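The values are calculated or read from the model by the stated rules, or taken from the named source; none is laboratory data. No experiment lies behind these values; they were computed from the predicted model shown. All Cβ positions, glycine included, derive from the backbone under ideal geometry; neighbour counts span all protein chains shown. Remember, those area values only see protein heavy atoms, side chains included, never the ligands or the DNA or RNA. Shrake-Rupley method; radii C 1.70, N 1.55, O 1.52, S 1.80 Å.
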Amino acid sequence: MLQDNIATVQARINEALARRTEPKITGNTVTILAVTKNHPASVITDTLACGLTEIGENRVQEAMHKQAVLPAGGHWHLIGHLQTNKAKHAVEHFDMIESVDSLKILDHLEKAAVELGKMQDVLLQINEAGEEQKSGFAPEDFRAAIPELKNYPHIRVRGVMVIAQATDHVEETRPVFAAGYKDFVYLKEALKSDAVDTLSMGMTHDYWIAVEEGANEVRVGSALFGARDYSLKF
């Protein structure tokens, strides 16, 4: 069933790529980030066996629990809000931290990366929809922060992460994703770096629109694994 679900998601991505009305600097290959939060660790084993290598978790503690019982493998992405007191654990356990939403978090990640002797890949999360309950840089704060990135030599900024608003009318997410693409282009041009290569936008309910607007990574959970099991304790 998982392999079939992956094929369905990939087919919808391919259809979305075909609907793009203009070339995107993010290219024509889209990575499926398998979001395994609130699923048992065995799901990750199945995911890797099916050929998906990118694993997304919302909470540091849950990822640490799963990694403790799994063989090494895959590339782990933190996609949930990161508290400063979890920064060192995040650097220890994640290949990519997608939810960097402030310079304060970058300060803590830089310190942890120095201690661990690691170059930490991150995405800058932008709250393009302007929702008070969501984390992320406001667009103007994101642009103001870019000149400060040179102060974090152990942090490699790989791109941008965007979460659209929840809505019953999925087409309403399009302007948010279009804004995310523009900010990704701005970041890449400002940093003049080939390392800026990832635009993470779109989830199960809206990923095809995100792809149309330029996403080259989509964060998909329910479409692959079904409903989450909130009774699981990590």
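Give or take rounding to whole Å, what are the principal axis extents of the alpha carbon atoms in the stretch 103-152, in descending order?
Largest to smallest, the principal-axis extents are 36, 22, 15 Å.
Measure off, as a whole percent, the carbon and sulfur share of the 1.4 Å-probe accessible area of the chain, all protein chains present.
In the chain, the share of accessible area belonging to carbon and sulfur is 52 percent.
Solvent-accessible area per residue for the chain at a 1.4 Å probe radius, Å²?
Using a 1.4 Å probe on heavy atoms only, each residue of the chain averages 46 Å².
On a C-alpha basis, how far is the centre of the stretch 9-68 from the centre of the stretch 129-189 in Å? Whole number, if you could?
Taking the Cα centre of each part, the stretch 9-68 and the stretch 129-189 sit 19 Å apart.
Please identify the helices of the chain, taking whole runs of DSSP H, that span at least 20 Å along their own axis as judged from the Cα atoms and have a mean Kyte-Doolittle score of -1.0 or higher.
Taking the DSSP H segments of the chain (at least 20 Å long, mean hydropathy at least -1.0), we get 2-19, 174-191.
What share of Cα pairs, in percent, lie more than 19 angstrom apart in the stretch 52-156?
Summing the P(r) of the stretch 52-156 above 19 Å gives 42 percent of all pairs.
Let me know the longest stretch in the chain that avoids all trypsin sites (Lys or Arg not before Pro) found in a DSSP loop with at most 10 other C-beta atoms within 10 Å.
Formally, the longest exposed-site-free interval is 1-191.
P(r) for the stretch 100-234, please, calculated from all Cα pair distances in 5 Å bins and given in %.
2, 10, 18, 20, 18, 14, 10, 5, 1, 0
Please give the FRET efficiency for LYS182 paired with GLN3, using the beta carbon to beta carbon distance and R0 = 35 Å, rounded to the nearest 0.05.
0.45
Under the Karplus relation 6.51 cos²θ - 1.76 cosθ + 1.60, θ = phi - 60°, what is the ordered set of whole-Hz ³J(HN,Hα) values for the stretch 149-163, x standing for Gly and Pro?
5, 5, 7, 10, x, 9, 10, 10, 7, 9, x, 10, 10, 10, 10
Just from its helices, what would the mean residue ellipticity at 222 nm be for the chain, if runs of 4 or more DSSP H residues each count -39500 (n - 2.57) and the sum is divided by every residue, rounded to the nearest 500 deg cm²/dmol?
That comes out to -11500 deg cm²/dmol.
How high is the relative contact order of the stretch 8-152, given as a whole-number percent (alpha carbon pairs under 8 Å, six or more residues apart)?
Relative contact order comes out at 14 percent.
How large is the Kirkwood hydrodynamic radius of the stretch 1-119, counting all unique pairs of alpha carbons, in Å?
Across the stretch 1-119, the inverse of the average 1/r is 15.9 Å.
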